[in-house]
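All remarks here apply to the structure that follows.
The values are calculated or read from the model by the stated rules, or taken from the named source; none is laboratory data. Note that the coordinates shown come from a computational prediction; the quantities given were computed from them, not determined experimentally. Here the Cβ positions follow ideal geometry from the backbone for every residue, glycine too, while neighbour counts run over all protein chains shown. Areas reflect the complete protein model, heavy atoms only, side chains present, ligands, DNA and RNA absent. Shrake-Rupley method; radii C 1.70, N 1.55, O 1.52, S 1.80 Å.
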Amino acid sequence: MPQSAEKILDHAPLFREPEYRQMLAEKKLNFECPHPDQIVTDQSEYTKTWEYREKNLAREALVINPAKACQPLGAVFAAAGFERTMSFVHGSQGCVAYYRSHLSRHFKEPSSAVSSSMTEDAAVFGGLKNMIDGLANTYALYDPKMIAVSTTCMAEVIGDDLHGFIENAKGEGSVPADFDVPFAHTPAFVGSHVDGYDGMVKGILENFWKGKERKEVAGSINIIPGFDGFCVGNNRELKRLLDLMGVSYAFVQDASDQFDTPSDGMYRMYDGGTKIEDVKAALNAEATLSLQHYNTRKTLEFCQELGQATASFHYPLGLKATDEFLMKVSEISGKEIPGAIGLERGRLVDAIADSQAWLHGKKYAIYGDPDFVYGVTRFVMETGGEPIHCLATNGTSAWEAEMKELLASSPFGKDAQVWSGKDLWAMRSLLFTEPVDLLIGNSYGKYLERDTSTPLIRLTFPIFDRHHHHRFPLMGYQGGLRVLTTILDKIFDKLDGETMKVGVTDYSYDLTR
Amino acid sequence: MSLDYENDDALHKKLIEEVLSHYPDKAAKRRKKHLSVAKNKRKTAEEGQVFSECDVKSNIKSIPGVMTIRGCAYAGSKGVVWGPIKDMVHISHGPVGCGQYSWSQRRNYYVGTTGIDAFVTMQFTSDFQEKDIVFGGDKKLEKIIDEIEELFPLNNGVTVQSECPIGLIGDDIEAVSRKKAEEYNTTIVPVRCEGFRGVSQSLGHHIANDAIRDWVFDTTEVAYEAGRYDVNVIGDYNIGGDAWASRILLEEIGLHVVGNWSGDATLAEIERAPKAKLNLIHCYRSMNYICRHMEEKYGVPWMEYNFFGPSQIEASLRQIAKHFGPEIEERAERVIAKYSGLTDAVIDKYWPRLRGKRVMLYVGGLRPRHVITAYEDLGMEIVGTGYEFAHNDDYQRTGHYVKEGTLIYDDVTGYELEKFIEVIRPDLVGSGIKEKYSVQKMGIPFRQMHSWDYSGPYHGYDGFAIFARDMDLAVNNPVWGLYDAPWKKKAMTPAAVAAE
């Protein structure tokens, strides 16, 4: 009997006990009708070949293990970055359960959002009644300052008109006439979560800015972070830098406190976020900066239309990207970059120099959202690394062109290939046929690590199977240090693992590296 | 073992009044029917057992805007019933999100070479784009099936799990499935589990069951000579290995589990099921439909059982054995005796650490009732329980488990659950990921009771040891004592506040 009260075995060791191994072997043999082992092995080996890769990359319809989510997830994340804002997703209710779970599993935090719970009758007659009742209930129960409405694909397919519905609901008294109910149509069959983010932020800005007179405050800056699973660490780090510079700025969308509430006996359904008053005032900023270009294309266009200067970055991470970001901020604000930040920069360069021998020539596969992949690729090349595969399932042809330009700018980018629209099953073939030393991505990458033995570094959303990484910044020079250390730890852990075999490889098990 | 305790009937009634008072009138009227306090103890004539009644309305539409915890029909079909079948490729047919959010999240353990002869922890999607909505997705679906056959030739079948748009744009996935099944001489199952159908996951279970009937049973002839002790386990999804910790016991008492539905299952196990002599059903809610069908059409009787905690395991083993006669009954007694040392040791170890601790549950299919006795086996008391998607027959069955005065909440809203927890302040809450962190912020221990909080198995005797340890490590962790900063004056009232 494998189990005992003294030493309780978890699932991993329990099912390796002889009783269970025998039971599972017999189950397979007697009841599963499996393929013969040799056939399974042969197919397994075949998937590692160039021939399989070509078939795999030639797929036109089937998507397997994509690295992207749907628009409303981005909208719900965006809304979480505003003061006391409840996300209201119009359409089927199951979707909302999914967004909440997905965000909670990454942040290890509560995630609140409501649904208009449309069912079959609403599919026929439209969801107006659901909107009217739903807004009234949300307003009464959850005491929001703003309700941000987005849509599931069901509501989009039947063509529900959010603007009309919300006006109708206000007319029915669901919420006061002057209550803020910004909205964004977020069809899941267009783009990805980064577009849903864009749409929701734009919807909120339109709600507060449209028809208002703009009085520019010279030198003041808005910052839109984009969909960022590391918003907790990143936003706080950037604020620290901007405060050091003495810049007048506002984060427009900031979920850093909402997704990092303390445990002190009180559950805060709402915490932090950009204050409504600050959103209104942000109209007067001289410039709006986006930290993630592909998350804010429509929003920045809107800002430009209203007369703001705009600039966008690609997840500014590492040395030069941080330099550029700070210099842009300095240029607009007229504030100098203080010596203290210069010291931080020097320390990051110092760290890269200390470790350069371990990083030079390392080959990488990098996947994630378009801006993230751009940012990480750039930093990897700064450390002497060689990106080989750069993949974004939600990458566009414009992104592909920008990536190629970036890679062409450094000798370390010469062997890189850019894969826009491809998924992680394609990445599996790429890693088998053109192997790399390190894979940078998220938790889904663990299946690639298992299959191809490529060590995985988790640096982007979602990270389900490691805790608290998102509480630390990746951006800024301090963030660069964190990324650098994470990569180095993986390299050293792997090396130690390979050299710890007693009497066989441990001649290389060096104390100092 | 039956633990004796009573719940605070008056407080719970007051609580219900209190939460309802915050709703707009129309919503309050509707929600009122879903909340109650277990009452009216009555005795059944033959056994003298005491039952409670949980008089709530269930399986009706959620109210818009209240933060229901429920999911959808797709979640019930792909996520629960079909997803765990390991040698089939399950296509999430529609936009990318549904498949992405449900990818690898239910912990349906299986043995196989993923991507080669098993596909459970992969996300296959048709990733619908605008043109697919406008022009329809049938052509794309055909191509997808071709690509699956090319890249995954060892798959033993394909299912098409419909997302919302499929039913709205008038795609004929049945025709595509029929055509392609013929072309490849394989099993292709179209499932109409669009998320807007029904009121919760529940209709998705039902639709998935019907799809097995129509597209597996009715299309496949299986040559299999069943033995007298052949049984199917129905409604065990092998979360964290639950089905394995159950199977070992059933085999030990001399039964042959020819099919496990659907954790770690192959299509062959599903196809062969009607040949078995008995269906043993664990999750009644999600798979009673197919059991009733097998009873009607193939004459296979079915029996509910409960493998959570030694009291229920013992009773279930005896009941199952009784069906097969003295030989199996005798073996069942030996098995019960064999494990009594383990369960006694587990209870001796954890009872002193857990007795009298009060638990609130809010889960899905069977657990809001099935786990109650397992807690009581450890001396813990259930103060409140409720289901996301139960029907009336589930609440009837719940009456057999709960004590008088237990707070009952059907399709609870975020608001209600927070208020209930905040006032009752139980010692442990067992619910899902969406509830976990808000409860822990209040300083109340929590275990996820869908995923076993990444632990498990909890079924069977081996699982009970893990269950007991997990409840102890949640309740008795030192972190709950660290919440108050020492320089802050202790608040006199509970500090937890929901949304005010």
| field | Looking only at segment A:1-22, and only at residues there that are assigned to a helix (DSSP H, G or I) and more than 8 Å from chain B (Cβ to nearest Cβ), the one that is farthest from residue B:143 (Cα to Cα) | value | A:18
| note | Taking segment A:107-124 and the residues there that are hydrophobic (A, V, I, L, M, F, W, C) and either surrounded by fewer than 24 Cβ atoms within 10 Å (Cβ to Cβ) or under 21 Å from residue B:442 (Cα atoms) (or both), the one that is nearest to the other protein chains (Cβ to nearest Cβ) would be A:123
| query | Pick from segment B:223-253 the residues that are open to solvent by 10 Å² or more (accessible area, probe 1.4 Å) and small (Gly, Ala, Ser): which of them is farthest from residue B:466 (Cα to Cα)? | reply | B:223
| Counting only residues that are assigned to a helix (DSSP H, G or I) and open to solvent by 80 Å² or more (accessible area, probe 1.4 Å), which one in segment A:490-508 is farthest from residue A:346 (Cα to Cα)? | A:507
| Residue satisfying all of: in segment B:256-273; of a type outside the set (Gly, Ala, Ser) and not in a strand (DSSP E or B); nearest to residue B:220 (Cα to Cα) among these | B:271
| query | How many residues does segment A:449-479 contain that are under 20 Å from residue A:291 (Cβ atoms), within 13 Å of another protein chain (Cβ to nearest Cβ) and surrounded by fewer than 23 Cβ atoms within 10 Å (Cβ to Cβ)? | reply | 1
| request: Could you please find all residues in segment A:282-319 being hydrophobic (A, V, I, L, M, F, W, C), crowded, with 24+ Cβ neighbours inside 10 Å and part of a strand (DSSP E or B)? | output: A:285, A:289
| message | Is it the case, given these coordinates, that residue A:79 is out of contact with any Phe, Trp or Tyr (no Cβ under 8 Å at 6 or more places or on another chain), open to solvent by less than 60 Å² (accessible area, probe 1.4 Å), facing chain B (nearest Cβ under 7 Å) and among the small types (Gly, Ala, Ser)? | response | no
| When residues of segment B:340-360 are limited to those that are away from chain A (no Cβ under 14 Å) and open to solvent by 10 Å² or more (accessible area, probe 1.4 Å), the one nearest to residue B:35 (Cα to Cα) | B:358
| task | Would you mind stating whether residue A:135 is under 21 Å from residue B:23 (Cβ atoms) and modelled with pLDDT of 95 or more? | result | yes
| query | What do you reckon, is residue B:134 β-branched (Val, Ile, Thr), within 7 Å of another protein chain (Cβ to nearest Cβ) and either surrounded by fewer than 24 Cβ atoms within 10 Å (Cβ to Cβ) or touching a Ser or Thr at 6+ places or on another chain (Cβ under 6 Å) (or both)? | reply | no
| All positions within segment A:1-32 that are crowded, with 17+ Cβ neighbours inside 10 Å and under 23 Å from residue B:222 (Cβ atoms) | A:24, A:27, A:31, A:32
| said: Within segment B:432-445, does at least one residue satisfy the condition of being within 30 Å of residue A:142 (Cβ to Cβ), touching a His at 6+ places or on another chain (Cβ under 9 Å), among the β-branched types (Val, Ile, Thr) and more than 14 Å from every other protein chain (Cβ to nearest Cβ)? | reply: no
| request: Test residue B:105 against the stated conditions and say whether it is facing chain A (nearest Cβ under 8 Å) and surrounded by fewer than 24 Cβ atoms within 10 Å (Cβ to Cβ). | output: yes
| task | Name the single residue, out of those in segment A:134-145 being open to solvent by 30 Å² or more (accessible area, probe 1.4 Å) and facing chain B (nearest Cβ under 7 Å), that is nearest to residue A:83 (Cα to Cα). | result | A:143
| Among the residues of segment A:176-190, is any under 15 Å from residue A:78 (Cα atoms), touching a Pro at 6+ places or on another chain (Cβ under 7 Å) and hydroxyl-bearing (Ser, Thr, Tyr)? | yes
| said: Restricting to segment A:1-42, and then to whatever is β-branched (Val, Ile, Thr) and out of contact with any helix residue (DSSP H, G or I) (no Cβ under 7 Å at 6 or more places or on another chain), can you tell me which residue is farthest from residue B:452 (Cα to Cα)? | reply: A:39
| query | Which residue pairs have Cβ atoms closer than 9 Å, lie 6 or more positions apart in sequence or on different chains, and pair a first residue in segment A:300-315 that is of a type in the set (D, E, K, R) with a second residue that is surrounded by 15 or more Cβ atoms within 10 Å (Cβ to Cβ)? | reply | A:301/A:202; A:301/A:310
| field | Lone qualifier among B:371, B:363, B:300 - being open to solvent by less than 10 Å² (accessible area, probe 1.4 Å) and in contact with an Asp or Glu (Cβ under 8 Å, 6 or more places away or on another chain) | value | B:363
| field | Criterion violated by residue B:220 - all others in (1) within 13 Å of residue B:270 (Cβ to Cβ); (2) out of contact with any Ser or Thr (no Cβ under 9 Å at 6 or more places or on another chain); (3) open to solvent by 10 Å² or more (accessible area, probe 1.4 Å); (4) not acidic (Asp, Glu) satisfied | value | (2)
| note | Flagged in segment B:147-174 as touching a residue at least 12 places away in the same chain (Cβ under 8 Å) and in a helix (DSSP H, G or I), in numbering order, are B:148, B:149, B:164, B:165, B:166, B:167, B:168, B:169, B:173, B:174
| remark: Among the residues of segment A:50-64, the number that are under 10 Å from residue A:425 (Cα atoms) and within 7 Å of chain B (Cβ to nearest Cβ) is 3
| said: Restricting to segment B:73-83, name every residue that is at the interface with chain A (Cβ under 7 Å from one of its Cβ atoms) and either of a type in the set (S, T, N, Q) or open to solvent by 10 Å² or more (accessible area, probe 1.4 Å) (or both). | reply: B:75
| message | Condition first: at pLDDT 95 or above and within 14 Å of another protein chain (Cβ to nearest Cβ). Can you find one or more residues in segment B:38-60 that meet it? | response | yes
| remark: Screening B:450, B:391, B:400 for residues that are open to solvent by 20 Å² or more (accessible area, probe 1.4 Å) and modelled with pLDDT under 95 leaves only B:400
| message | Condition first: within 19 Å of the chain's Cα centre (by Cα) and either over 18 Å from residue B:297 (Cβ atoms) or of a type in the set (S, T, N, Q) (or both). Now tell me which residues in segment B:171-227 satisfy that. | response | B:193, B:195, B:198, B:199, B:200, B:201, B:202, B:203, B:204, B:205, B:207, B:209
